[in-house]
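Engineer: One structure, as structure tokens, below. Some questions next.
The values are calculated or read from the model by the stated rules, or taken from the named source; none is laboratory data. Since we're looking at a predicted model, the values are computed, not measured. Because the Cβ atoms are built from the backbone with ideal geometry, glycine has one as well, and the counts that use them run over all protein chains shown.
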Amino acid sequence: MRGTLDLPALLLWLGSIAWVVGYDTLYAIQDIEDDALVGVKSSARRLGHKAAQGVAVFYAIAVLFWGAAIWSVRADWLALVALAPAAIHLASQARRADSKDGDLALKLFRSNRTAGFLVFLGLLVVGLSSR
């Protein structure tokens, strides 16, 4: 038997990949010197002093894909509001990120537990209200 991958699931998956690259870049910022010593090719090393902007770009891509997934299930501007708390949380992380502050980067990285929960709640609200 073959399964199918519907558009909303694909969009959620693509958004999740972008989110992971974004928060992994935050994690790599706090570990950048060790990565350089051992030769690890992290996203933070590749982006250099623009690592914080890279986090913002990846988070924006994630929110766009997640919003597209929501829109594909329920084409209603109000449904997109369910994603707003997660989007605001991620925007706050991106705004505060500093490619030279490893301690802050680790703190922001850890706050992605909250971001994931907010995304889950937003999708739950849309899913339950689509029936």
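Engineer: Which of the residues that make up the stretch 1-21 are of a type outside the set (A, V, I, L, M) and modelled with pLDDT of 95 or more?
Structural biologist: Residues satisfying the conditions are W13, G15, S16, W19.
Engineer: Spot the failing condition for A52; the list is (1) under 15 Å from the mean Cα position of the chain (by Cα); (2) within 22 Å of W13 (Cα to Cα); (3) not acidic (D, E), and only one is missed.
Structural biologist: All conditions pass for A52, except number (2).
Engineer: Which of (1) over 20 Å from R110 (Cα atoms); (2) among the aromatic types (F, W, Y); (3) touching a Leu at 6+ places or on another chain (Cβ under 7 Å) is the odd one out, the single condition W13 does not satisfy?
Structural biologist: For W13, the failing item is (3).
Engineer: Identify all residues within the stretch 105-131 that are surrounded by 15 or more Cβ atoms within 10 Å (Cβ to Cβ) and assigned to a loop (DSSP other than H, G, I, E, B); write none if there are none.
Structural biologist: S111
Engineer: I need a count of the residues in the stretch 39-52 that are free of Cβ contacts under 8 Å to residues at least 24 places away in the same chain and either loosely packed, with under 12 Cβ neighbours inside 10 Å or in a helix (DSSP H, G or I) (or both).
Structural biologist: 5
Engineer: Which numbered condition in (1) at pLDDT 95 or above; (2) in contact with a His (Cβ under 9 Å, 6 or more places away or on another chain) is the only one that K100 fails?
Structural biologist: Tallying (1) at pLDDT 95 or above; (2) in contact with a His (Cβ under 9 Å, 6 or more places away or on another chain), K100 fails exactly one: (1).
One line per residue, one yes/no per condition, for (1) buried (at least 22 other Cβ atoms within 10 Å of the Cβ); (2) on the phi > 0 side of the Ramachandran plot; (3) part of a helix (DSSP H, G or I):
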site: G54; (1), (2), (3): yes, no, yes
site: L64; (1), (2), (3): no, no, yes
site: G67; (1), (2), (3): no, no, yes
site: V81; (1), (2), (3): no, no, yes
site: A94; (1), (2), (3): no, no, yes
site: D98; (1), (2), (3): no, no, no
site: D103; (1), (2), (3): no, no, yes
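Engineer: As an exercise: evaluate A94 against (1) touching a helix residue (DSSP H, G or I) at 6+ places or on another chain (Cβ under 7 Å); (2) without any contact (Cβ under 8 Å) to a residue 12 or more places away in the chain; (3) of a type in the set (G, A, S) and give the number of the one condition it does not meet.
Structural biologist: (2)
Engineer: When you scan the stretch 1-14, do you find a residue that is buried (at least 18 other Cβ atoms within 10 Å of the Cβ), aromatic (F, W, Y) and assigned to a helix (DSSP H, G or I), even just one?
Structural biologist: No, every residue in the stretch 1-14 fails to be buried (at least 18 other Cβ atoms within 10 Å of the Cβ), aromatic (F, W, Y) and assigned to a helix (DSSP H, G or I).
Engineer: Let me ask something else about it. Checking the conditions here, which among A87, A36 is aliphatic (A, V, I, L, M), closer than 25 Å to L12 by Cα and assigned to a helix (DSSP H, G or I)?
Structural biologist: Matching residue, one of A87, A36: A87.
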